[in-house]
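Here's the structure, in structure tokens; my notes come after.
The values are calculated or read from the model by the stated rules, or taken from the named source; none is laboratory data. This structure is a prediction, so every number in the text was calculated from the model and none was measured. Glycine also receives a Cβ, built like all others from the backbone with ideal geometry; neighbour counts cover every protein chain displayed. Ligands, DNA and RNA are excluded from the accessible area calculation, which covers all protein heavy atoms including side chains. Shrake-Rupley method; radii C 1.70, N 1.55, O 1.52, S 1.80 Å.
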Amino acid sequence: MSYNPGSVDPLRIMVNYQVSELSNVEIEAVTFLLADFLSTTSAYLYGKNSLDYANLRGSELAAYLAIASSNGDMDDVDWGEVHHPGSVILPAVLAVGIERHSSSDQIQRAIQAGYQSAAIFSGIMSSEIRQKWHATSMAGAVGATHAIAELIGLTANQAYAALSLTCANIGGLAQAGIERNGAAQFNRGAAASLSVIAARAALMDIPHLPGSFTSLMLAWGIDPDLAGIEAEAKSQQALGIQGASLRLLPVSGYMQAAVHAVVSVLMRSSGFSSLQISVAPSTYRLTVTGQSPYNWVDDYWWDLPLMVNHLLQGANAFSRRIPVLNGGTQLSVEFLEDSSLAPNEARLQYRNSSGQIELHNFVAPGGLPLDETTRNLWDQKCSLWLGVSPERNLAAAQAIMSNGLQGKNLAELFSI
């Protein structure tokens with residue numbers, strides 16, 4: 001298959017994207033994305049008693065923070081394009097931003113550009129591609145590169161060169177099938193590191209291959225012209241920051257909606273005798289009929305029936321202290337797959353105490369900006385699961401959004 005020079009170049013679409021001043025809604029979203037990143041990263045660093053990051057700089061620090069933030073598989077998610085942008089983009093932005101004493105405006109513009117480009121790239125990756133390639137590390141590398149290009153003030157041509165260099169070097173072979181918890185942490189670290197190196201190489205006028213993205217698509221078996229058209233459409237539709245969501249409940253991302261649904265029903269109802277839980281086919285396949293044998297977090301993480309049984313016995317979603325009884329519960333629970341549901345959706349049907357059938361649809365919590373319910377869940381995630389202060393990390397994120405990273409050091413950012 002030969003490349004048609006007249007086809008649309010997705011990298012040019014990204015570079016030509018106009019980064020504008022964030023709206024109030026986007027500012028609130030970025031604030032919580034930063035606060036959540038600081039919380040997940042701090043939990044790992046202090047849980048491992050690992051403070052050697054203080055002497056790291058640039059690409060090394062970016063890689064280290066990406067690996068740390070991915071631990072425990074609780075970093076953010078873009079449900080529209082199905083990847084985890086923050087675990088690659090935010091480590092790179094903070095690593096370079098601290099080094100350069102970046103202003104709040106520079107940080108905001110960088111994150112906006114990064115999330116947008118990562119969404120465009122991820123949107124091009126089909127389900128067949130995702131079976132072999134790790135979407136988060138690949139889309140994250142592209143998004144992080146654009147973020148760093150914006151942060152350090154590269155010209156449009158230099159930013160294009162940086163993105164081309166990144167595309168020529170991303171690997172991202174999927175380990176997600178094996179490493180389902182904190183999927184492919186090393187890939188994320190490598191992607192964050194690559195973004196910093198690519199941006200600096202572009203600044204040094206390192207030669208690059210303009211057709212590197214096209215070569216990558218050919219390796220995937222995608223017609224470059226079709227991919228270009230799709231990318232152009234995605235550039236108009238991708239939400240970037242506004243499409244991001246926090247992961248709040250301590251279970252697999254695919255189980256967020258179903259577990260949220262059960263918790264919500266238990267809070268509003270009592271005495272029901274049967275429960276029917278419908279989820280997307282991908283969720284059903286991964287969490288009901290084919291739980292992963294690799295449970296690095298705990299046995300509940302990829303086992304929806306086990307987690308539901310745990311909750312029905314009165315356990316808090318953020319606690320694993322109540323053991324599963326041998327006899328289970330007396331409640332009849334049925335799990336169904338429903339192709340009309342997305343991976344971040346679930347449907348519950350149950351008979352209430354009055355004998356009436358109730359049917360409710362649920363969406364995974366964590367959408368930005370946070371409402372009262374999801375804010376409460378985020379507080380519990382931080383304090384009960386991660387063991388960090390939500391107030392402290394939110395204040396740190398607000399300070400970055402207001403004052404940038406001038407005078408900031410790593411010890412101030414990552415502490416309990």
Can you list, bin by bin at 5 Å, the percent of alpha carbon pairs in region 105-214, starting at 0?
2, 14, 23, 25, 18, 11, 5, 1
Computed over the chain, the relative contact order (Cα-Cα under 8 Å, seq sep at least six) in percent reads 23 percent
Candidate residues LEU368, LEU226, LEU163: accessible-area rank, largest first, probe 1.4 Å:
LEU226, LEU368, LEU163
Based on the alpha carbon coordinates of the chain, what radius of gyration and maximum Cα-Cα distance (Dmax) apply, in Å?
21.6, 73
Please determine, in degrees from 0 to 90 and to the nearest 10, the orientation of helix 86-100 with respect to the longest principal axis defined by the Cα atoms of the chain, where the helix direction is its Cα long axis.
50 degrees
Portion, in percent, of the accessible area of the chain that falls on carbon or sulfur, probe 1.4 Å:
49 percent
Cα axis of helix 156-169 to longest principal axis of the chain: angle in degrees, 0 to 90, nearest 10?
60 degrees
Report the semi-axes of the equivalent ellipsoid for region 314-416 in whole Å, largest first, where each axis is √(5λ) for an eigenvalue λ of the Cα gyration tensor.
39, 19, 12
Taking 30 Å as R0, compute the FRET efficiency from the Cβ-Cβ separation of ALA54 and MET204 and round it to 0.05.
0.60
On C-alpha positions alone, give me the angle between the axis of helix 24-47 and the longest principal axis of the chain, in degrees, nearest 10.
80 degrees
Taking the Cα centre of the chain as origin and charging only Cβ (+1 Lys, Arg; -1 Asp, Glu), how large is the dipole, in debye to the nearest 20?
620 debye
Roughly what percent of Cα-Cα pairs across region 73-120 reach past 14 Å?
51 percent
Dividing the alpha-carbon radius of gyration of region 215-255 by 2.2 N^0.38 Å (N being the number of residues), what value is obtained?
1.72
If the label point is 7 Å along Cα→Cβ of ARG321, which residues in region 351-386 have backbone nitrogen under 15 Å from it?
383-386
Calculated from DSSP helices alone, with each H run of at least 4 adding -39500 (n - 2.57) and the total divided by the residues of the chain, [θ]222 nm to the nearest 500 comes to -16000 deg cm²/dmol
Once the Cα atoms of region 11-136 are picked out, what are the Rg and Dmax in Å?
15.1, 43
For region 1-142, with only Lys/Arg (+1) and Asp/Glu (-1) charged at the beta-carbon, what is the dipole magnitude about the Cα centre, in debye rounded to 20?
360 debye
Farthest positive-ward along region 1-110 dipole, Cα basis, beta-carbon charges - from ASN71, ILE98, LEU38
ILE98
